[in-house]
1. When you scan segment 157-176, how many residues do you find that are modelled with pLDDT under 90, open to solvent by 50 Å² or more (accessible area, probe 1.4 Å) and either part of a strand (DSSP E or B) or among the basic types (Lys, Arg) (or both)?
2. Starting from residues that are surrounded by fewer than 18 Cβ atoms within 10 Å (Cβ to Cβ) and of a type in the set (Ser, Thr, Tyr), keep the ones in segment 127-156 and report whichever is modelled with the lowest pLDDT.
3. Take Glu77 and decide whether it is in a strand (DSSP E or B), open to solvent by 30 Å² or more (accessible area, probe 1.4 Å) and either out of contact with any strand residue (DSSP E or B) (no Cβ under 9 Å at 6 or more places or on another chain) or touching a residue at least 60 places away in the same chain (Cβ under 8 Å) (or both).
4. Do the conditions hold for Gly211, that is, is it assigned to a loop (DSSP other than H, G, I, E, B) and open to solvent by 30 Å² or more (accessible area, probe 1.4 Å)?
5. Taking segment 314-369 as the region of interest, how many residues are closer than 28 Å to Val281 by Cα and free of Cβ contacts under 8 Å to residues at least 40 places away in the same chain?
6. Testing Leu41 on (1) more than 29 Å from the chain's Cα centre (by Cα); (2) open to solvent by less than 30 Å² (accessible area, probe 1.4 Å), one condition comes back false. Which one is that?
7. Can you pull out the residues in segment 345-390 that are of a type in the set (Val, Ile, Thr) and over 28 Å from the mean Cα position of the chain (by Cα)?
8. Quick one: would you say Thr87 is in contact with a Phe, Trp or Tyr (Cβ under 8 Å, 6 or more places away or on another chain), at pLDDT 90 or above and within 30 Å of Ile164 (Cα to Cα)?
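The values are calculated or read from the model by the stated rules, or taken from the named source; none is laboratory data. Since this is a predicted model, take the numbers as computed values, not measurements. When we count neighbours, we look across all protein chains shown, and the Cβ atoms used for this are built from the backbone with ideal geometry, even at glycine. To get the accessible areas, we keep the full protein, side chains included, count just its heavy atoms, and leave off ligands, DNA and RNA. Shrake-Rupley method; radii C 1.70, N 1.55, O 1.52, S 1.80 Å.
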Amino acid sequence: MFSRSNRLAVGLSTAVSLIALQAAPALAFDPTGNDVADAFLTLIDSEEGTVESYGSVDVSGDTVVIKDIVVSNDADENAKATIGATTLAGGTVQGDGRLKLSGLDLENLELTADDGGMSLSSLTVTDLLLPSPDEVKAGTPPVGPGYKTFEANTIEIRDEDGKIADITKIASSIDGMDGDLPTSGSFAVTGATIDVKQLEAKETKALADLGYETLSMDISGQGKWDPDAATLVIPELKIDAKDAASLSLSLSLGGVTRDVVNQLDETSDKPEEAMALLQNVTIENAKVRLDDASLTGRILNQEAQKAGVETPQYVAGLTGTLPLMLGMLQNKELEAQVTEAVTEYLTTPGSLEVTATPGAPVPVSQIMGTAMLAPQMIPQILSVGITANQ
């Protein structure tokens, strides 16, 4: 969320075309005569994707509407993307070739291919800055935020056998800025429903074995970075799977300076360098919470059946081994706390919450060093606590 959002400009233009974008050496479509429309079509006309045709181009004030865009894929004659209506508001073609829009609205997007496809009923973006064709080709999108708000509605994803998932809405926003860096924002994925029967992955087979034919979930998160105080706060990042469980995380970090954020963005594709930059970041507090909505009971029943015993007997055997398993913590108080909480949760699944509330911020470097030399000390360093059904 807090890396530079310029990459989202490329991502958005990809979503617009629904085919990988690369700059074309020459236009494959007939120019419309409108600079903004031509700049937009140039972006979605690429070496592997070609604007085959478009319908009418209507201009009213600073608003341009392009109807019935058709994009083919040169590498796959059976792949095609169509956009029913494209509205470009407040468009300006800048001197560097970038296209700036106060609003972009797409209606009825459809992608078809031999191995499936996808569709969107609508996509709306505000304060959008799209890269120039040369920047797309070189992979150097504009510095700064690519958009302010983004919303996609009624998304359907298909494979060759039919629909495998749909999503009611995807939305995100950048709510604050410090120069070119976002300081606050949020996102939400609402009504994501997966057809478990249509997927063949190992994980989805496990879900089917637990009795799930479909799985619906909502995902949301928000965060705020204060560059002057060098703090990053994530009030909640939540995955809520209906009739299964919800998992939420909250986190507060210190030492997140402008320099750290800038360098993390530059080393995002170099994990070792990125990890080195995090050494001086500190953990101020953290919380992970699991709320059960039948998933735990399903798993326990399944495992008990495999073991050939009743579920209460299986749970009793499992919780009975906890003291031995937790002896490695070398912390009698925490051992007792974990044993009590886990036993209560497995006996009557409700909620399980783990917190870290150190008296003073703990550097990531200290946690990593402790993990290598004395991992059993980490719960003490972070003042870890655990509770159930509260």
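1. The number of residues fulfilling the criteria is 2.
2. Among residues in segment 127-156 that are surrounded by fewer than 18 Cβ atoms within 10 Å (Cβ to Cβ) and of a type in the set (Ser, Thr, Tyr), the one modelled with the lowest pLDDT is Thr140.
3. Against the criterion (in a strand (DSSP E or B), open to solvent by 30 Å² or more (accessible area, probe 1.4 Å) and either out of contact with any strand residue (DSSP E or B) (no Cβ under 9 Å at 6 or more places or on another chain) or touching a residue at least 60 places away in the same chain (Cβ under 8 Å) (or both)), Glu77 qualifies.
4. Yes, satisfied.
5. 4
6. Checking Leu41 against (1) more than 29 Å from the chain's Cα centre (by Cα); (2) open to solvent by less than 30 Å² (accessible area, probe 1.4 Å), the one that fails is (1).
7. Thr347, Thr348, Thr370, Ile378, Ile381, Thr387
8. Numbers: in contact with a Phe, Trp or Tyr (Cβ under 8 Å, 6 or more places away or on another chain): no; at pLDDT 90 or above: yes; within 30 Å of Ile164 (Cα to Cα): yes.
No, not satisfied.
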